[in-house]
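Chemist: Supplied in C-alpha cells, the structure appears directly below.
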Amino acid sequence: MGRRRVWIRVSCLLIAVVGLSGCAILDPPPTVSFGWTPSDPLARAAVQFNDLSTDSGFLGGGGVTSWSWDFGDSGTSTAMSPTHEYQRSGTYTVRLTVKDSSGNEATMSKSITIRSSLDGVWSGVLDDGGFPLSLTLFVQHSATGGIGGMGDFGGLSLAIMSASLTGSQVTFVFAGSRVLSGTLDFSERGISGTWSVGGAIGFGWNVQLQN
C-alpha cells in the first residue's frame, strides 16, 4: 500500500513537470450509470436497479468499491444492484453515488415513474342498504399492464373478465355483465364505487386492500 502511494505522488510530480494535468489523468473518477427493470414499474412490486458504472482506476486498476442509493421515497441501499418497492405511484428521483478504490466518487440522478397497482387481495362489503354481502377480490396486476383474477361475492366466485385502471378510475367486469366501478383513493389502498348488473346500478360498496 505504501509503495502505491509513493508511486502516485512521484507520477503526479512528473506529469506536473511536463505540463499535464496531474493525478486526474492517471486516476480519473468513476463514470456512474444505472438502469432498472421493468422499465415501466408498478407500485408495491419489486424494481430491480442495476449498477452500470465503470472505473478505469489507477493505470487501469482499481474499480468501483462502494455504492450509495437514494430511491427518492426515503428508501436507501448500499448494495451494488438492489431491489426496491415503491408503495405509491408517482415520479421519484433516484440518486446513485459510487466511489472507487482511490476514494474518487461520482453521482448520477434519474427520474423514475411508478404506476398505480391493483395487485393484491381486496376485501370489503357489498351493501344495498340492508343486506351487506362480503366481497373479496384476488387481483393479479402484471408489470406489462394485464389485470386478472377472481372475485368472491359471499361465496359466489366470478372470474374477472376484464379490468382497467385509468388515473384513479377503476373498472372490473365480471361474468354476467356484472361491473364494479370505483375510484382508487389517495393512499392507493382503498376503492369506493358502485356495483351494477347489466348496466343498472345495484349496490354501493367499499373495498380495502389487505396485505
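Chemist: Between Gln87 and Ser164, what's the calculated FRET efficiency when r is the beta-carbon distance and R0 is 22 Å? Round to 0.05. Spell out each step's value before the answer.
Modeler: On the way: r = 22 Å, r/R0 = 1.00.
Calculated value: 0.50.
Chemist: What list of ³J(HN,Hα) values in whole Hz, one per residue of the stretch 68-75 in order, does the Karplus curve 6.51 cos²θ - 1.76 cosθ + 1.60 (θ = phi - 60°) give from phi, with Gly and Pro shown as x?
Modeler: 9, 9, 10, 8, x, 10, 6, x
Chemist: Residues with amide H under 5 Å of Met161's amide H, sequence separation 5 or more or different chain, H placed in the peptide plane at 1.01 Å from N; which?
Modeler: Distant-sequence amide H within range of Met161: Val173, Phe174, Ala175.
Chemist: Now, a different point. Using amide H atoms built in the peptide plane, which far-off residues or other-chain residues are under 5 Å from Ser117 H to H?
Modeler: Distant-sequence amide H within range of Ser117: Ala43.
Each value in this text was obtained by applying a stated rule to the coordinates, not by laboratory testing. For clarity, every value in this text was computed on a predicted model and none was experimentally measured. In this analysis, Cβ positions are derived from the backbone assuming ideal geometry, glycine residues included, and neighbour counts consider all displayed protein chains.
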